[in-house]
Amino acid sequence: MNNQSKKMELLGSAPIPKALLAMGIPTMIGMLVNAFYNLVDAYFVGGLGESQMGAISVVYPLGQVVVGLGLLFGNGAASYISRLLGRGDKESADKVASTAIYSSVTVGAIIIILSMVFLRPILRLLGATDSILPYAATYAGIYIISCIFNVFNVTMNNIVTSEGAAKTTMCALLTGALLNIALDPLFIYVFDLGVAGAAIATAISQIVSTCVYLVYIFSKKSVFHFRVKDCTYTKEILSEIFKIGIPTLVFQLLTSLSISLINNAAGNYSDSAIAGMGVVTRLISMGSLSVFGFIKGFQPIAGYSYGAKKFDRLREAIKTSILWSTVFCVIFGMILVLFPETIVSQFTKGDTEMIRIGASSLRANGITIMLFGFYTVYSSLFLSLGKGKEGFILGACRQGICFVPVILLLPIFWGLNGILYAQPIADVLSAVITICMAIPLHKKLNEQQRQVTATSSTNNI
């Protein structure tokens, strides 16, 4: 059996636990290490001072917006590709993959240019104070330009995972993250480049990850052929990509918005408050990105199973994914709840206000992140099944529909505590909405399964 046949077997017929481990764990490891490098980045920059730590916290959401373009095309294409492969339509899958990769890089370049032209006003909107702005502008001037490589990487991440090559994604993520961890202290302290050194280290790591994907493409290991002539902007392809990609982009934009709102609200208190909440954001991202990595393995299995009308397999994948991701979230959450002061203190030279603020928020977030696995499985499931509207609503809950009203209103009545507990409250509300949406989904899947069974029985008579 050749490599491509093994990938299709993994998606369509391998036992669910085996398929989830093979697809999800490599991507999870890669994203876990990627999130860990974000923490290491914060650790080394935190040694420079609270204003420098605040600077990378302010720039972070801008980078997420740019990367969201990779998710727009990559995640949108990946969902459609999985369903096409489930139906055996390899030719259309080729066109979708090519359209996604070239479009994401082109649009990404345009957005990056615009971001650089209006960089300082954007940083002000994201919460940069007078003391933070110079460091934020220095860091962003290098980091945002390098995001063109990250747009390519994120798009390829989704496409490669959709074809069952999760180990390649893990290799690309691991290589870049480990290199960044090694280069951070070298550029920041040895070469004495400060926040600029952190940005340079990140840029180099992104370029190396891009090289890993290029080797994969040019060695012809991929199921797909990425050719400019295969770019096809038909109504069907674009609608399928955007139906899933736009909700994913909106989710990414809402993530950036939520961080910006936290930064702006915390800025009313001090740079220490911004730095403390920035640490919490990166720590929670470490857990959430790990879950997202695992669910990346679940998505193509769900999409393929749905396209092939294998409803029992789809149902088993859902149950197993919820169980495994929830166990991880409970363990991760308990660590945050039990040791918040110890964890936050690693990112400062001894700023007691930063430690106090960060630890209080981290403890509350640690409790509610235990719900994150359940929420993420269903928000990803809707998109995998091509249900863009439902996926959009659920994906927008945690850091949009539920979060924005809370972060805007709660600090008015509760002061700083309103900022610290905004995300945990939004998490609980999102979990309740998830339950309300999951019940009718399962009823509809059961009805579709009965129809398929009835049709099969009729054909056999």
Criterion (assigned to a helix (DSSP H, G or I) and either within 26 Å of L261 (Cβ to Cβ) or open to solvent by 50 Å² or more (accessible area, probe 1.4 Å) (or both)) met by exactly one of L85, L123
L123
I'd like the full set of residues that are more than 16 Å from I56 (Cα to Cα) and hydrophobic (A, V, I, L, M, F, W, C), limited to region 182-199.
A182, L183, L186, V190, F191
So which of L381, L323, L336, L314 ends up being within 22 Å of F251 (Cα to Cα) and either open to solvent by less than 10 Å² (accessible area, probe 1.4 Å) or in a helix (DSSP H, G or I) (or both)?
L381
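Just to be sure, is K220 in a helix (DSSP H, G or I) and basic (K, R)?
no
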Residues satisfying the stated conditions in region 334-349, i.e. within 24 Å of M53 (Cα to Cα) and not hydroxyl-bearing (S, T, Y):
I335, L336, V337, F339, P340, E341, I343, V344, Q346, F347, K349
Between a residue in region 378-400 that is among the aromatic types (F, W, Y) and any residue that is surrounded by fewer than 24 Cβ atoms within 10 Å (Cβ to Cβ), which pairs come within a Cβ distance under 6 Å, given they are 6 or more apart or on different chains?
Y378/T434; Y378/A438; F382/E390
What is the residue count in region 88-101 for residues that are surrounded by fewer than 18 Cβ atoms within 10 Å (Cβ to Cβ) and not small (G, A, S)?
3
S290 fails exactly one of the following numbered conditions: (1) among the polar types (S, T, N, Q); (2) open to solvent by 10 Å² or more (accessible area, probe 1.4 Å); (3) farther than 28 Å from G415 by Cβ; (4) at pLDDT below 90. What is the number of that condition?
(2)
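How about region 223-248: which of its residues are in a helix (DSSP H, G or I), β-branched (V, I, T) and in contact with a Leu (Cβ under 9 Å, 6 or more places away or on another chain)?
Scanning region 223-248 gives I241, I244, I246, T248.
Conditions (1) over 20 Å from A302 (Cα atoms); (2) buried (at least 20 other Cβ atoms within 10 Å of the Cβ), marked per residue:
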{"residue": "G386", "(1), (2)": "no, no"}
{"residue": "L394", "(1), (2)": "no, yes"}
{"residue": "G400", "(1), (2)": "yes, yes"}
{"residue": "F403", "(1), (2)": "yes, yes"}
{"residue": "L410", "(1), (2)": "yes, no"}
{"residue": "A422", "(1), (2)": "yes, yes"}
{"residue": "A426", "(1), (2)": "yes, yes"}
{"residue": "L429", "(1), (2)": "yes, no"}
{"residue": "I439", "(1), (2)": "no, no"}
Filtered residues of region 198-228 (kept if free of Cβ contacts under 8 Å to residues at least 40 places away in the same chain and over 18 Å from F149 (Cβ atoms)):
S219, K220
Taking the conditions exactly as written (under 22 Å from N157 (Cα atoms), surrounded by fewer than 24 Cβ atoms within 10 Å (Cβ to Cβ), in contact with a Leu (Cβ under 8 Å, 6 or more places away or on another chain) and not acidic (D, E)), does A19 satisfy them or not?
no
In region 1-25, how many residues are assigned to a helix (DSSP H, G or I) and modelled with pLDDT of 75 or more?
10
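The values are calculated or read from the model by the stated rules, or taken from the named source; none is laboratory data. Please read these numbers as outputs of a predicted model, since none were measured by experiment. A quick note on method: Cβ atoms are made from the backbone with ideal geometry, for glycine too, and the neighbour counts reach across all protein chains shown. Ligands, DNA and RNA are stripped out before the accessible areas are found, and what is left, the full protein with its side chains, is counted by its heavy atoms. Shrake-Rupley method; radii C 1.70, N 1.55, O 1.52, S 1.80 Å.
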